[in-house]
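What follows draws every value from the coordinates through simple rules; no lab data is involved. These figures come from a predicted structure and were not determined experimentally. All Cβ positions, even for glycine, are placed from backbone atoms using ideal geometry, and neighbour counts span all protein chains on display.
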Amino acid sequence: MNAYIEKVLNGLKERYPDQKEFLQAAEEILPSLEGAVEANPLIERDNILERFVEPDRIIKFRVAWVDDQGKVQVNRGYRIQANNAIGPYKGGLRFHKSVNESVLKFLALEQILKNSLTGLPMGGGKGGSNFDPHGKSDGEVMRFCQAFMQELYRHVGPDIDVPAGDIGVGAREVGYLYGEYKRLTGRYEGVLTGKGLSFGGSLIRTQATGYGLCYFAAKALEVMRGDSFKGKKVLVSGSGNVAIFAAEKVTQLGGTVIAMSDSSGYVYDPKGIDLDLVKEIKLNRRGRISEYVEVRKEAKFEQGCAGIWKLKCDIALPCATQNELDGEAAKALIANGVIGCFEGANMPCTPEAQKLFIEKGVIYSPGKASNAGGVAVSGLEMSQNSLRLSWSAEEVDERLKGIMEGIFANCYATSEELGEKGNLLLGANAYGFKKVAEAMIAQGVY
Ligand code: NDP
Ligand code: 2IT
């Protein structure tokens, strides 16, 4: 490994020995930047790598709110403003009990590259809380969101930092957050994306990550294998926003989704998942995926989400969470003849799984490339807000498809330039970094 890259990585390991997700992301990204470092001495002179991996700032705060019993609850809130070299900080908010600084720092680092890959002017950020929305009433969620925004509002703005959804944060939460921002500042402006359609949201934002994932995957299958989704058996892990709309697009493109999951386990329905039923259970009722088999008697529910990867399939779309697909899962998929693994979630494949896919010639795309459709349409929502216009669903969908196919083309071409044709992980890291590094160098030391 290049000595400068090694030095930056060792520094991170010394400073943040307990931040395992953050170190995992940095260990994946930095070695891919060897070509960039060797081609441009200014990267080392200006210490661009150390500035790239170290967030501009980390905002950390207490969130106190009142539950339905009148008791005061306390959570931790965060916003990581990672890098704004190419545009305002941009990235989702995650509400999940596992949220901590390491998880958000890995997500923010990935977001810098992802947002650059979209070609839109957005920097990287991420935030959230260890608040667990499961089992909370609408009133509790609203009061939590209001309390969260009571601190966050001073750090965000349409040209400063524009949060959106992620795990546990969807249209409901974005609505409550937006309402509170408006009350606190008196400003009606595009400070969040993923808003409701009646107050500045964009058509297709809800579907964007899942649809975009399939547009990317379809292009990769076509270019790299002369193949398509037609007649393919597909596993989709998760059953949230990304998973559901990925499954919808797979079906539209002629594939069959045979299994989906949530954090308790997975359902296997060999004739094809009934997506209306999944939407009813997971989106409308906020229920458990296990309820699926109460209606579809021929389907099976198995506890434990990792088991899903043991099912025989042609294409795997991990759309739940980080490190959900490990080396053992990758081996099972490969043994069963998988041809592609396209990440809908952020960093769902462990380093061992990534390595196995790449070595064995399975098409593998990292989330920062294949799940960029969500933030891309967030970028389009920002444009529409600035223009005070809204585009039709067809127009947004067309742009989304163009952006995803462009990301694939850039990652693929870069992998070839770097002598590892088809290594989309290398291509995504190297291509995403290029623009950010150029902008950082041009803007001087700050
Ligand atoms: P949702 O909250 O809508 O859904 C998350 C899904 O993943 C649920 O089915 C949930 O199960 C499951 N899940 C969450 N945590 C775990 C866990 N620790 N173990 C197993 N299953 C888990 O989130 P999204 O669909 O928005 O996000 C999914 C992934 O996609 C995340 O990695 C996110 O960062 C990424 N992503 C999201 C984008 C977006 O626009 N929303 C854009 C790009 C990436 P349960 O219901 O049991 O909690
Ligand atoms: O991981 C992601 O890209 C997101 N959660 C979406 C971020 C956004 O700003 O739309």
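Quick notes on this structure:
- Annotation: of all residues in the stretch 166-190 being in contact (Cβ under 8 Å) with a residue 24 or more places away in the chain and of a type in the set (Ser, Thr, Tyr), the one that is farthest from GLN207 (Cα to Cα) is THR185.
- Residue within the stretch 118-141 that is part of a helix (DSSP H, G or I), touching a residue at least 12 places away in the same chain (Cβ under 8 Å) and closer than 22 Å to ASN385 by Cβ present: no
- Number of positions in the stretch 139-177 that are of a type in the set (D, E, K, R) and within 16 Å of ligand 1 (Cβ to nearest atom): 3
- Looking only at the stretch 343-357, residues that are farther than 14 Å from TRP309 by Cβ and either within 15 Å of ligand 1 (Cβ to nearest atom) or out of contact with any helix residue (DSSP H, G or I) (no Cβ under 9 Å at 6 or more places or on another chain) (or both) come to 3 in all.
- Subset tally (residues that are more than 19 Å from GLU328 (Cα to Cα), of a type in the set (A, V, I, L, M) and surrounded by fewer than 22 Cβ atoms within 10 Å (Cβ to Cβ)) for the stretch 348-393: 3
- Number of the exception - GLU291 against (1) under 25 Å from the mean Cα position of the chain (by Cα); (2) surrounded by fewer than 20 Cβ atoms within 10 Å (Cβ to Cβ): (1)
- Restricted to the stretch 108-150, and to residues there that are of a type in the set (Ser, Thr, Tyr) and surrounded by 19 or more Cβ atoms within 10 Å (Cβ to Cβ), the residue that is farthest from the chain's Cα centre (by Cα) is SER129.
- Within the stretch 327-446, helices (runs of 4 or more DSSP H) holding 2 or more residues that are within 23 Å of LYS20 (Cα to Cα) and in contact (Cβ under 8 Å) with a residue 24 or more places away in the chain: 327-335, 351-359, 367-370, 424-442
- All positions within the stretch 244-258 that are aliphatic (A, V, I, L, M) and either within 16 Å of ligand 2 (Cβ to nearest atom) or surrounded by 24 or more Cβ atoms within 10 Å (Cβ to Cβ) (or both): ILE244, ALA246, ALA247, VAL250, VAL257
- Close contacts from the stretch 276-304, counting a first residue that is closer than 23 Å to GLN252 by Cβ and a second that is among the aliphatic types (A, V, I, L, M) and surrounded by fewer than 14 Cβ atoms within 10 Å (Cβ to Cβ), with Cβ to Cβ under 7 Å and a gap of 6+ residues or different chains, come to LEU277/VAL295.
- One residue stands out among those in the stretch 153-206 that are polar (S, T, N, Q) and crowded, with 20+ Cβ neighbours inside 10 Å: the one that is farthest from ARG399 (Cα to Cα), which is THR193.
- Residues that are buried (at least 24 other Cβ atoms within 10 Å of the Cβ) and aliphatic (A, V, I, L, M) within the stretch 219-243 comprise ALA220, VAL234, LEU235, VAL236, VAL242, ALA243, listed in sequence order.
- Qualifying residues in the stretch 175-216 (those that are touching a strand residue (DSSP E or B) at 6+ places or on another chain (Cβ under 7 Å) and either among the aromatic types (Phe, Trp, Tyr) or within 11 Å of ligand 2 (Cβ to nearest atom) (or both)) - the one nearest to VAL250 (Cα to Cα): PHE216
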